[in-house]
Amino acid sequence: MKKLKVLLVDDEIIIREGFKKLFDWEAHDCEVIGEAADGLEALSKIDSLHPDLVIMDINIPIMSGLKVIKQSRMKYPDIAYVIVSGYDDFSYCQEALRLQITDYILKPVNYEEFGSCIDNLKISLFEKKIAREEKEEAREERVITVITRYLQEHLDEELSLAVLAAQFHMNPQYISQLFKNEIGVGFLSYLTNIRMEKAKKLLLSTALSIGEVAEKSGYHDYRVFTKVFKKSEGMTPSQYRKEFLTQ
């Protein structure tokens, strides 16, 4: 897992320096990417640096730490927050819980306990990442299943990434990537393959003319169909029908 990017927010520079010098961030796969001394500066740094974790004092100038968290939560719901405060106040703790703070640590900081907090946070973030990836993977599997079923049912129609994008209200590049990720081939290769499979089935199981087979397989130009079929199967549609029906 990549290093956690950490933002330190405290109006006391000695506290920020203590965090930087007295805690071994490298040993816990973290890096301090910035600091802030008040609430507005904290919001600005969150916007510009996109940290994974914010170590935040509650009582900071201009805007309290809790207000900073409330505002930034709306834009960046995945950022984790650890409150570091000199106040063992139950109302603060309650509000922190409502804001789903990762931990509430009292000053002076016990860096060994803080290290355990960071390690537990990394495990939690890793589990969330895996869960998101699994959810996305399951979603992509469902989407590609629906798309391929649509293709099978509309092979005699004009089909393209643009047509699929309009049908399923998706970005054509996203659909193209889905084929590569989930099926392992590009969209055109997949479409050509299933059209050839349908053509071969029609050639051997029906008395349709080659032109009719071409139409039902999605090729409205007989010459294009013959060219694609020969490239795919090494023989023309007529040769294919003759060879396999006389076996």
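Checking GLN94, GLN71, GLN100 one by one, the residue that is farther than 21 Å from GLU12 by Cβ and at pLDDT 90 or above is GLN71 and no other.
Residues are listed down the side, and each one gets a yes or a no for (1) within 18 Å of ALA80 (Cβ to Cβ); (2) out of contact with any Phe, Trp or Tyr (no Cβ under 9 Å at 6 or more places or on another chain); (3) open to solvent by 30 Å² or more (accessible area, probe 1.4 Å):
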position: PHE114; (1), (2), (3): yes, no, no
position: GLU127; (1), (2), (3): yes, yes, yes
position: GLU141; (1), (2), (3): no, yes, yes
position: THR145; (1), (2), (3): no, yes, yes
position: HIS154; (1), (2), (3): no, yes, yes
position: GLU158; (1), (2), (3): no, yes, yes
position: ALA162; (1), (2), (3): no, yes, yes
position: GLN173; (1), (2), (3): no, yes, yes
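Across region 221-247, the number of residues qualifying as within 19 Å of THR192 (Cβ to Cβ) and either in contact with a strand residue (DSSP E or B) (Cβ under 7 Å, 6 or more places away or on another chain) or surrounded by fewer than 13 Cβ atoms within 10 Å (Cβ to Cβ) (or both) comes to 5. What's the total number of residues in region 157-169 that are under 20 Å from the mean Cα position of the chain (by Cα) and without any contact (Cβ under 8 Å) to a residue 12 or more places away in the chain? Count: 2.
Does LEU66 fit the bill of being at pLDDT below 90, surrounded by 17 or more Cβ atoms within 10 Å (Cβ to Cβ), of a type outside the set (S, T, N, Q) and in a helix (DSSP H, G or I)? The answer is yes for LEU66. Counting only helices (runs of 4 or more DSSP H) that sit wholly inside region 103-215, those with at least 2 residues that are under 30 Å from ILE55 (Cα atoms) and modelled with pLDDT of 90 or more are 111-153. The C-beta contact set for region 111-130 (first residue closer than 13 Å to LYS2 by Cα, second residue hydrophobic (A, V, I, L, M, F, W, C) and modelled with pLDDT of 85 or more, distance under 9 angstrom, 6+ apart or interchain) comprises LYS122/LEU4; LYS122/CYS30; LEU125/LEU4; LEU125/LEU53; LEU125/ALA80.
The values are calculated or read from the model by the stated rules, or taken from the named source; none is laboratory data. What you see is a predicted model; the values in this text were computed from it and never measured. Note that each Cβ is placed from the backbone with ideal geometry, even for glycine, and that neighbours are counted across all protein chains shown. For the accessible areas, the whole protein counts, side chains as well, though only heavy atoms, and no ligand, DNA or RNA atoms are used. Shrake-Rupley method; radii C 1.70, N 1.55, O 1.52, S 1.80 Å.
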